[in-house]
Amino acid sequence: MTLFQSSAYCAMFASLTISGAFAQISTINSAVYSPRQYNDVPGATLTVVSNYPSLISFKEQNVSKPTGFANRDAWHFSSNSGASPFLFGSTDYFTATMTVTLTGNPISPRKEAGFVFNNPLNDGGEFIVNTDGHEVVAFGGFLPFYAFPRTFQSGDTVTLGITYFRDSNGKNAIIYSANCLQSPPLEFSNLEQGVIDGTSIGGYLQIEKSATIATNSGQAVFQHIGISGPDQDFDGVPDALDACPSTPPCSLVDAAGCSIDQLAPCEGPASGGSWKNHGQYVSSVAQAVNEFLAEGVISQTQANAIMSAAGQSPCGSKK
Ligand SMILES: [Ca+2]
Ligand SMILES: [Ca+2]
């Protein structure tokens, strides 16, 4: 058994032991809205679009007042058509993804938006972007800290993802993703060693008030919101069904969660050993490309480009 096969084998067993949790997550069908969690500027104008899971939008205009801190608007996953938040337990493992488009006019004072964890005891933590610090960062509450490069600009659309899972040490861990970057798995170090029972999870917009700019405004648009069983490589195929763990970020994959490079690696066949010659490598790529074409994962133009690159590569050639 190759390393590759043994990982898939382990993933299969891991899914059996935690399959009960998937049933819980799979009941999530809606969002519950909590406008003005913070309401320091009640006179500001709030516009809400509530169309889970395709589009949620919060827009706050004229957030201006001499005193106070901020306005905050939130939504949370719900399994009862928005009547109340879904309450996550420490073994409710999941992957949640969405795109966030955050705009601030002006960018300072701070506008921030992203994922939020709210728990019964305190602030459970946040994974957000902000307009003035240009941060893409997870922090606070029980969440393991992680900072991506400070690349965010007001108006950007960022794909954010979170995978909460039990790692091979038997510890609860989290992986953050932002566009085509991923954090390593980070184990929880809080007293409860994971998500605290009764936590609600969703997204939020926060706008700090301006004492001087009457038109201080901002908007967060959340789209493509999804939640499923854990998908550690964020390729859209949950771990329980993924024959190819650790697919590189932003790869195109087949229904089994395998990229063409994983099905036909340059270094040698996925089943082990080495290529007999360059032709064997190219024909292995062709087989994968035909499968991807049949599944509609790639276009004929993309197929041609991949085959051309494979033909010109040194893969399988004798040194
Ligand atoms: Ca996957
Ligand atoms: Ca995969």
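Just so you know, all these numbers are worked out from the coordinates, no wet-lab data involved. Here the structure is a predicted model, which is why all the values come from computation and not from measurement. As a convention, Cβ positions derive from the backbone with ideal geometry for all residues, glycine included, and neighbour counts pool all protein chains shown.
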**OP:** Report, in degrees rounded to the nearest 10, the 0 to 90 angle that the Cα long axis of helix 3-17 makes with the longest principal axis of the chain.
**Re:** 50 degrees
Subject >> Tilt relative to the chain, helix 278-295 - C-alpha long axis, 0 to 90 degrees, to 10 >> reply: 50 degrees
**OP:** Mind running the shape call on segment 17-96? Use the C-alpha gyration tensor, a ≥ b ≥ c as the square roots of the eigenvalues: rounded below 1.5 for a/c, prolate if a/b tops b/c, oblate otherwise.
**Re:** prolate
Subject >> For the chain: relative contact order, % (alpha-carbon pairs under 8 angstrom, 6 or more apart) >> reply: 20 percent
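Cut-off is 10 Å between beta-carbons; in what order do Lys59, Lys318, Lys209 appear when sorted fewest neighbours first?
Details: Lys59 18, Lys318 8, Lys209 21.
Going from sparsest to densest Cβ surroundings: Lys318, Lys59, Lys209.
Within segment 3-228, what is the number of lysine pairs with alpha carbons under 17 Å apart, leaving out pairs fewer than eight places apart on the same chain?
Numbers: Lys59/Lys111; Lys59/Lys209; Lys65/Lys111; Lys65/Lys209; Lys111/Lys209.
Taking the Cα cut-off of 17 Å, the pair count is 5.
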**OP:** Give me Met307, Met98 ranked fewest to most by other Cβ atoms within 10 Å of their Cβ, as a rough exposure proxy.
**Re:** Met307, Met98
Original post:
Across bins of 20 angstrom width beginning at 0, how are the C-alpha pair distances of the chain distributed, in whole percent?
Top reply: 29, 50, 19, 2
Subject >> Sorted by Cβ neighbour density within 10 Å, fewest at the top, the residues Phe145, Phe222, Phe188 >> reply: Phe145, Phe188, Phe222
Subject >> Angle between the chain longest axis and helix 300-312 axis [Cα atoms, degrees, rounded to 10] >> reply: 50 degrees
Original post:
Setting aside same-chain residues fewer than 8 positions from Lys318, which lysines have a Cα under 21 Å from its Cα?
Top reply: Lys276
**OP:** Go ahead and estimate [θ] at 222 nm for the chain from helices alone: -39,500 (n - 2.57) per DSSP H run with n ≥ 4, summed, over the residue count, rounded to 500.
**Re:** -5500 deg cm²/dmol
**OP:** Quick one: check the C-alpha center-to-center distance for segment 48-127 versus segment 265-319, whole angstrom.
**Re:** 44 Å
